[in-house]
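Please read the structure below before turning to the comments.
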Amino acid sequence: MTQYTPLPSHRGHPRLRSLSALLLLGLLALLAACGNSSNTSGGTTTGSSSSNTCPSTKQLTGAGSTFDNPLFSKMFQEYPKVKCGINVNYQAVGSGAGINNLLQHIVDFGATDAPMTDDQLKKSTSGPILHIPITIGAVAISYNLSGVSQLKLTGPILAAIYEGKITTWDDPQIKAINSGVNLPHKNITVVHRSDGSGTTSIFTHYLSAVSPDWQSKVGAGTTVNWPTGVGAKGSSGVAGQVKNTDGAIGYVELTYVLANNIPYALLQNAAGKFVAPSLDSAKADAESFTTIPADLRFYIVNGSGDNAYPITGFSWVVVYQNQSNSDKGEALARLLWWMVHDGQQYAQPLNYVPLPDTIVSKDEAQIKAMRCGSNACYSGS
């Protein structure tokens, strides 16, 4: 049998007693550290994802509105710099193409200046689609007319130009509201979008509101059968065509005419005032509409108020309510939350109207309605 032999006792030596105490304290500290490390590890690996944990998705894809592109370019340049921010690949291909890309599951989100129609929503194979307003902008009526720095137009005159009924710049109807302006006897070249366009939908909804003849013969939508004119693709295409064509007229988001230094018309609003497109006049138009439908699909053309610019519209991001990939769905919800909150700081410098608080609160409800499996995609406050 092996006999246990105790170590010699050193209880009587002070130096050795101190050394023993130090060793014991060190051992206790090591054990405590191990315990804490185990608890921390367990806290990060159990349960559902925490709002403090970033999704693993590194990139999202979107497509659609050219109206939004200057703003989106800035937003998506800045977003990777924020906490949990990631790269966003956005293609400005027009609202119609953006909607189709979403329906075909080519992109994670679409962007459109025209809310989806009931028929488009019925084509979804993945359940409900949510509309999330992102910004507000004015559609300027740009023109290229040498020697004319300021031009006034009315809604009915603009409709008649796009119907091909008014064909020269010195037409008596145009001259009557532009006293003192030397209007040349020059043919008007009408420029319109050639692709499916939310900007076209805003513009044609306006023409339908001010011209019964346009409403009955042409109507409104992202694409229409234009009675006259030449087509150009995208907002940049229309801006370029107008800038390079003497006698041209076109409709394009305000940012594009300012960036290209193209003149734009003052337009008579519902109050009878001639108003230029601007941040303030677009905001005034938007504020005149106080009844917003629950699904956030609506137009705001020809609003009331002396300062309202009548061709103004919201633009939306459209997403599936039920996200098939929970991690990507969380990343998308985080992006949208940032866009309607912190991202709004980039709107005004680029001549877009920041979202009103009433719309932001409705956006929050839409984002919180996004589902990733049995959980909400957005886990923040």
**Fill in**
Pseudo-spin-label distance GLN348 to SER304, built 7 Å along Cα→Cβ, given in nm, is 2.8
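Rounded to the nearest whole Å², what accessible area per residue is found for the chain with the 1.4 Å probe?
Details: 18040 Å² over 381 residues.
I get 47 Å² per residue for the chain.
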**Request:** Work from the charge dipole of the chain (Cβ charges, +1 for Lys and Arg, -1 for Asp and Glu, about the Cα centre) and give the residue of GLY313, TRP214, PRO356 farthest towards its positive end.
**Result:** PRO356
**Prompt:** Along the charge dipole of the chain, which of CYS54, ALA376, ILE136 sits closest to the positive end, that is, farthest toward it, with unit charges on the beta carbon of Lys, Arg, Asp and Glu (+1, +1, -1, -1)?
**Reply:** CYS54
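Counting helices only, and only those DSSP H runs with n ≥ 4, report the 222 nm mean residue ellipticity of the chain as the sum of -39,500 (n - 2.57) divided by its residues, in deg cm²/dmol to the nearest 500. Walk me through the numbers before you get to the answer.
Details: 13 runs with 141 residues, N = 381.
Using -39500 (n - 2.57) per qualifying helix, the result is -11000 deg cm²/dmol.
What percent do you get for the relative contact order of segment 281-361 when only Cα pairs under 8 Å and 6+ apart count?
Working: 62 pairs, mean separation 18.3, N = 81.
Averaging sequence separation for qualifying contacts and normalising by length gives 23 percent for segment 281-361.
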**Request:** Would you mind calculating the gained length between LYS273 and VAL360 on full extension (0.36 nm times residue separation, minus the Cα-Cα distance), in nm to one decimal?
**Result:** 28.3 nm
**Request:** Give the relative contact order (percent, whole number) for the chain; include only Cα pairs under 8 Å separated by 6+ residues.
**Result:** 21
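Using a 1.4 Å probe over the heavy atoms of the protein chains, calculate the carbon and sulfur portion of the accessible area of segment 58-120 as a whole percent.
On the way: 1030 of 2390 Å².
In segment 58-120, the share of accessible area belonging to carbon and sulfur is 43 percent.
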**Cβ charges +1 (Lys, Arg) and -1 (Asp, Glu), total dipole of segment 59-150, debye** = 220
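Of all chymotrypsin sites (Phe, Trp or Tyr not before Pro) in segment 200-300, which ones are in loop regions per DSSP and have a Cβ with at most 12 other Cβ atoms within 10 Å?
Values: sites: PHE203, TYR206, TRP214, TYR251, TYR256, TYR264, PHE274, PHE289, PHE298, TYR299; in loops: PHE289, PHE298, TYR299.
Qualifying residues, ordered by number: none.
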**Asked** Rounded to a whole number, what % of the accessible area of segment 148-274 do carbon and sulfur atoms account for, probe 1.4 Å?
**Response** 44
**Answer label, with Cα Rg over 2.2 N^0.38 Å calculated from the coordinates and candidates (i) 1.64; (ii) 1.44; (iii) 1.85** = (ii)
**Item:** Lys, Arg +1 and Asp, Glu -1 on Cβ, resulting dipole of the chain about Cα centre, debye, nearest 20
**Value:** 1320
**Asked** When only C-alpha pairs under 8 Å and at least 6 residues apart count, what is the relative contact order of segment 149-261, in percent?
**Response** 28
**Asked** Which residue, chosen from THR255, GLY231, ASN178, occupies the Cα position most advanced towards the positive end of the dipole of segment 166-301, where the dipole is computed from +1 (Lys, Arg) and -1 (Asp, Glu) charges on Cβ about the Cα centre?
**Response** GLY231
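Which of the helices in the chain, when you take each full DSSP H run, stretch at least 27 Å along the axis at their Cα atoms and have an average Kyte-Doolittle score of 0.5 or higher? List each step's numbers first, then the result.
Numbers: long enough: 14-45 (48 Å, 0.70).
Sorted by number, the helices that extend far enough and score high enough are 14-45.
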**For segment 152-166 versus segment 238-257, the gap between their alpha-carbon centres in whole angstrom** = 16
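The values are calculated or read from the model by the stated rules, or taken from the named source; none is laboratory data. Remember, it's a predicted structure, so these values are computed and weren't measured experimentally. Positions of Cβ are generated from backbone atoms using ideal geometry, with glycine treated the same way; all protein chains shown enter the neighbour counts. Please note that ligands, DNA and RNA were not included when accessible areas were found on the heavy atoms of the full protein model with its side chains. Shrake-Rupley method; radii C 1.70, N 1.55, O 1.52, S 1.80 Å.
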